[in-house]
Each structure stands twice: as structure tokens, then as C-alpha cells.
Amino acid sequence: VGNMLVAASTAQRDGTTLVTFGTTPRMSTYLLFLGLGELERMTTMSGPTELGVVTGRGNVKKAQLALDASAEILPYFNEYFGTPFPLPKLDNVAGPGQSQFFAAMENWGAIFTFERSMLVDPKSTSEAARRRVYEIAAHEMAHQWFGDLVTMAWWDDLWLNEGFASWMATKVTDRMKPEWDMLVTRVAGRERAMGLDAFTTTHPVVQQVRTVEEVSQAFDAITYQKGEAVIAMLESFAGEDVWRAGIRAYMQRHAYGNTVTGDLWSAVESAGATGLGTIAHDFTMQPGVPLVKVEGAQCVNGATRLSLSQGEFSRDAREAKDKTPLAWHVPVKAQVVGGEVHSMVLEGKGVMELPGCGAYVVNAGQAGYYRSLYPADNMARLAKDFTRLTPIDQSGLLADNWQLGLGGYQPMSHALDLVDAVPADASDIILADLPGYMDGPHGIFEGDTATQKRILAYASARLTPILARVGYDARPDEGPQVPMLRQSLISTLGAMGDEAVIAEARRRFAALGSDPAALDGPLKFVWLGVVAHHADQATWDRLRAMANSAPSALDKSQIFALLGRAKDPALSAQALRLALTDEPGKTTSAAIIAAVAVDHDMQAVDFVLAHRAQYEALIDVSVRSQALGRLGGGSADLAMADKLNAYADAYLTPESRKVVDRSIAAIRTRAVTWARLKPDIMAWLDAKEATTRGRRGE
Ligand SMILES: [Zn+2]
């Protein structure tokens, strides 16, 4: 398989075959593709374009969803970009194995995707994974224009490729699968970006890249998720039609050529988005997260007058940023809940008039890349009116308040009260967020079993009725978000130690003895995950045997990775040792070690340090310097920060240690934050338990 169709295939006298591919138009060298193997191809026509999926022999039926996605998406992109796909064919090639760092690559006319991100097996693929297949295909297809037809001049503007492709993938998936509520998932993406961007170790979206090392470091949440969030904000500022007209002009002007970020802004400004360049410049050339504060709100003659000011949200330098925040032109959209949305571009300070009085939302629709800080009385009203907010505003409000609590901008009780106020009949997509907000505090009390038990009791009491409503198994005619909600509830309650969920997982696992298909279905690996997490030696051994006799390479690697999820440190140590043998297969070994790091980061990091050369042979060369930072980056233990620092001092150059330095900064901040939050969370639990006892009349 190459970028173009095979033009000729001629048998040679020496028994080999000479294959000649069609000549591509002018293109960038990094998009060249040549694949070979025992392959199978399935195709469909979309106008003049032959769309194909290519897999290892015997697997092509599992690529039906990817092919359907291509066929749905291509006509939309042809129309959106105004320049039809210029090659005669577009293949999506599924390859074996996995990377710890990427899922797919947008080679022109011949997308490469790892099997795990492209193939769907009804016996084991979860609904979440199915949606990822669609979204990844959409992302790589968007690159066929943004990246392939028009390429950034240099890696400084990598975000133009990745931010745009991510934004476009969400947009087209939302268009084709509105029932998936893709726009709401943008809040999660924004949170990932802000998770890096709120630290002083962050970088601007547009950044200087001089070395290969810096290129690989550039593939991070700032490039992808902040890139997507900023583009979504700019589209919202420009309006969909003006924005698209700008994109079309940009494509036409720069087809088969190179661009820099400014070329995009001037195209969209010329299409009518006056003032967009200034906003775009502020958000792409300088790092960080704006904080929009409501300084006061007055209800006058049936209208709300908001006084706003712009600060900077920081997790590790709040006092300094409060004194001298960076300045942005911030496009703000606000509304009184249920009322008309008003817009302004905030420069420092400003006043907004909103029709109506009552609870108000400052980032209405959540298209803005900033955090919103409200006075306590509005928070109380928002909690009361929670279900009157749109789901995306509910999601944004929960995320903002969580982070404002972590950052010390307001008491953590605001966020906990808000989570507590989410009713059991809220929309399923929001309910699917809830387990995470309970697992967060649970993780903060790692090592304090008594408090973890209290948090689990609260979580079980809140979530079990929801799980009872959706059931353990899919039901006909259930809502489109129910499979996601079910997975979130089972996996999180299972990981936190909910007895009922663990018992159900074990019951299903035991049933495999008499019926090997007992676990087949979209939750297969969710149930196996719960079993693996709470495994004893006999169970772990059985999982290992299952991995070795798995029906497909994909199943095999997923079960092997689960061996790393064991909570028992003696078993996770066995998983680490197993990872350095030939048994799991090279790329699976790295996944096992990453799985161990989720609950035993110190164990994983120590193991990797002790077997550094062997470990490095398991992962992509270009990202070796980042690997340890990722394995240990979720820790709150200062000893981990010191360990990573010593490692970076010994083995990394100043340019190659940036990712590790970001992890170190996050760990140090987390250690301080968690120590501060523990008494707050305990006090909140005390009050909550007292109210519950009071209600029961105890
Ligand atoms: Zn990409």
C-alpha cells in the first residue's frame, strides 16, 4: 500500500514483483507511506474517490466502522474545505501493535492507524472505543487538508495541524452523530490542556522548535487540546459561516504550499471576522489560562449588570499571577440561565448587561478558553438551578469549580456542594462525569483507608441507584449516553472498591469456566479490569493464561496490559518482571508498565530506572526522554519529584527534560494542594454524614 494506487505490477525474472505506484502531487516528505504484509482491503466509492480500509488478513470485517466513517465524512470535508480531496484514493491502514504516544498518522492517501484504534470487535469493543475509532478517523481525514494539502512551514506551527484536526474531528463527528454530544467532550479536552497550561512550566501554542527532541515534545495537550479549544473559541467569535469562508480561502490560497499561523488569521479576518487576529494572537503567542472574575452583579429593572475583570488562573504561582496577570482580549459569552446570550471582548475590566435576573453563567456554551470565578451567592443559585443549565455548561461549571478549589481560589466545599447537588435524573452525559469527581478525593486520601472508606460509602450511596437504573447490561432502546455512563460507573466504582460491583465482576469472571463467551460484549474489558484490579495470585495467573490463549492479537495485548492493573503490589511486581520477557510482545510490554504506574507509580519508576536500557528498547526512540515523566507524573509524593529530578540531571539535556520538568512541577504542587485540601474534604464529609444521620433520625 502506498500513498497512491498501484499503477503497475510486473513479475520479474528473479521471482520478485516490481510494483509501481502512481505519482503523487507535490507533497511533504513526512507524509510518504509504504506498507506491506499479508493484507486485505475493502473499498467503497465516494464520488470519484476510492475509499479503502486495509487490515491484516482475516480482519477486514472489523474495519467496517472505519470505512463507514470515511464514507460519511469525506463528502462533508469536500464541501467544508471547498477543495475536493485531490488524490484518487484514501486508504486507512490498520497496523498491529501500539505506541504509548500516538494512535494514528495522517499519511496522504494512506492513513496509518493502530488496530486498537481502528478495528471493532462486537465481542469486546466498548462503546467509548467505537466512538474513538470514528473520531480518530475524522481527525486523520481532516489532516488530508490541514497538514497534507497545506502544511505548516516549520514545527513551530505544529498546532495548526493538530489543533485544527482535533477541532474538525469533534465538529464533523458532532454533525454525523449528534446523539453522541461530542461538543460536551470539548470540556474534557479543555481540562487536559489547562492541566498543563496553569503551571509556570507551560508554553505558548506557537513555540520555537529547533531539535527533533523538541518536535516530539510539541505533541502535547497544549498543541492538541488547547489548539482545539482556541479554534473553537475563535469560530464562535467569528460565527460558523465567516469562519468557514476564511478556511476555504486559506485552502485555495495555500494548496500544495506551506503556511504560518498568521496566514490563517488573515484569511479569516478577510472573510469578515474583524478583531479576530488580536484575540488569536493573545491566545496562541502567550501561555496560560485567563481567569474571568465576576466582581459584582446587580439586578436593576429586570436586567443583570455584571462587573468583570480578567486575571490569570494558576496552580503554582497564584500570588504572583494575582499581582501581574498576563493580558488577553477574552471573548466572553454570558447569560442569565435560560435567557439570551450576550457577548463582549473583555480587556482588563468590563461591564455586561444581561436580560433577566437570577443565576448567571459567564462562559455560556463553554467555547471560551478561560476559567470563570463567581461570587458565593451565584454559586449557590447555580447549584440550585443546575438542571436548568445546558449539559455543556453543567460540565464546564463542575470542571471550573473543581479546579478553582484545587487552586485555592475558593473553598473546595463549593465544588463538593455542586457535585452533591447533581440530581440522579441529570442528563446521562453529566452523570457519567460524577464518578470521576468522587474518585478524585478518594485518590487524595491514598494510604488513609478509613477516609477512603467514607468516600467510597458516599460514592456508592450516590451512584448505586444510578447503576441500578441503567443496569449492568445493555437494554434495547436505552439512551445514547447510557453505555458510556454504565462503563464510567462500573469501572470507577470497581476501582474504588465497591463490594457489589466487585462481586458482580467476579461472578461474571467465574462464569467463563463453563462458558468462554460469558464476558463477550462491550463491557468485556471493563469487567476484566475490575477483576484484574482486585486479583489474587490465582486470578492473576488465570488472566495471564487467558492472555496467552486470546482469540486475537488485540485481545491478547489488552489482557496482558490488565495484568499491570493489580492493586496487590506483589502482583504488580510480577507484571513488571513479565513485561521484560518476550511473552507479552514488545509493544504490549510498555503498556503493562504504564498500567502498573496508574496505582504503583513509584514501583514502576524504580523498576524502569533499574532496567533503563531494556525499558527504552520498548518505546519509540523520539519520546524516550518523556517516558519517566509520564509514568511518575500523577504522583503527589515529593520523593517522586526528587527521583525524576535526579534522573533528568543524570540523563537528559536541558531541551529534552521539559516534559519531566512539567511532571516535577505538577507533583510538587499536588503535594502542597492535597495537604491543604485534606482537612476541607474531611470537614465536608463530617457535615454530610451528620446531615444524612439527621435525615434518618439517628
Ligand atoms: Zn493529528
statement: In segment 340-427, the GluC sites (Glu not before Pro) that sit in a DSSP loop and have at most 13 other Cβ atoms within 10 Å of their own Cβ are Glu340
query: Using the alpha-carbon centroid of each, what span in Å lies between segment 473-493 and segment 658-679?
result: 33 Å
- prompt: If you rank Leu523, Leu346 by fewest surrounding Cβ atoms within 10 Å, what's the result?
  reply: Leu346, Leu523
- prompt: Taking every pair of alpha-carbon atoms in segment 303-407, what share in percent sits in each 5 Å bin, from 0 to the bin with the longest distance?
  reply: 2, 12, 23, 25, 21, 11, 5, 1
Kirkwood hydrodynamic radius (C-alpha pairs) into Stokes-Einstein, the chain, 20 °C and 1.002 mPa s, D in µm²/s: 80 µm²/s
- prompt: Which whole-number percent gives the relative contact order of segment 289-387, counting Cα pairs below 8 Å spaced six or more residues apart?
  reply: 32 percent
Relative contact order, percent, the chain [alpha-carbon distance under 8 Å, six or more residues apart]: 10 percent
field: Long-range HN-HN contacts of Val345 with modeled amide H, under 5 Å
entry: Val332
statement: Placing each pseudo-label 7 Å from Cα in the direction of the beta carbon, Met682 and Ala474 end up separated by a distance in nanometres of 4.6 nm
Alpha-carbon Rg with Dmax, taken over segment 482-575, Å: 12.5, 36
query: If you take the beta carbon distance between Leu5 and Asp536 as r and set R0 to 35 Å, what does 1/(1 + (r/R0)^6) give as a FRET efficiency, to the nearest 0.05?
result: 0.05
query: Considering only Cα-Cα distances, which of the following residue pairs are longer than 24 Å: Lys171/Lys226; Lys226/Lys293; Lys123/Lys226; Lys453/Lys567?
result: Lys123/Lys226
field: Fewest-first sequence of Arg469, Arg565, Arg116 by Cβ atoms within 10 Å of each Cβ
entry: Arg469, Arg116, Arg565
statement: By the C-alpha gyration tensor axes a ≥ b ≥ c (rounded if a/c is under 1.5, else prolate when a/b exceeds b/c, else oblate), the shape of segment 237-339 is oblate
- prompt: Of the beta bridges DSSP finds with both residues in the chain, what % are antiparallel, to the nearest 5?
  reply: 70 percent
field: Rounded to whole Å, sorted largest first: equivalent-ellipsoid semi-axes of segment 146-287, Cα gyration tensor
entry: 21, 20, 15
message: Could you compute the net charge surrounding Asp263? Neighbours are other residues with a C-beta less than 14 Å from the C-beta of Asp263; K and R count +1, D and E count -1.
response: -1
query: Once Rh for segment 18-92 is found with the Kirkwood sum over Cα pairs, what is the Stokes-Einstein diffusion coefficient at 20 °C and 1.002 mPa s, in µm²/s?
result: 155 µm²/s
task: Can you tell me the relative contact order of segment 58-162? Whole percent, Cα pairs under 8 Å, sequence separation 6 or more.
output: 29 percent
message: Assuming 0.36 nm per residue, please report the length gained on full extension of the stretch Asp377 to Met344 beyond their Cα-Cα distance.
response: 9.5 nm
message: Give me the extension gain from Phe102 to Ser622: residue separation times 0.36 nm, minus the current Cα-Cα distance, reported in nm with one decimal.
response: 186.0 nm
message: Taking just the alpha carbons, could you work out the radius of gyration and Dmax for segment 42-141, both in angstroms?
response: 12.9, 40
- prompt: By how many nm would the segment from Ser413 to Asp520 lengthen if fully extended, with 0.36 nm per residue of separation less the alpha-carbon distance?
  reply: 34.4 nm
- prompt: Counting only residues 5 or more places away or on other chains, whose amide H sits under 5 Å from the amide H of Ser46 once H atoms are built in the peptide plane?
  reply: Leu51
- prompt: Counting Lys and Arg as +1 and Asp and Glu as -1, what is the net charge of the other residues whose Cβ lies under 13 Å from the Cβ of Lys349?
  reply: -1
query: For Arg462, Arg186, Arg41, what ranking results if the residue with the fewest other Cβ atoms within 10 Å of its Cβ goes first?
result: Arg41, Arg462, Arg186
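Rule-based calculations on the coordinates, nothing more; no lab input. This is a predicted model, so every value here is computed, not measured. Neighbour counts are summed over all protein chains in view; Cβ atoms, including those assigned to glycine, are modelled from backbone coordinates with ideal geometry.
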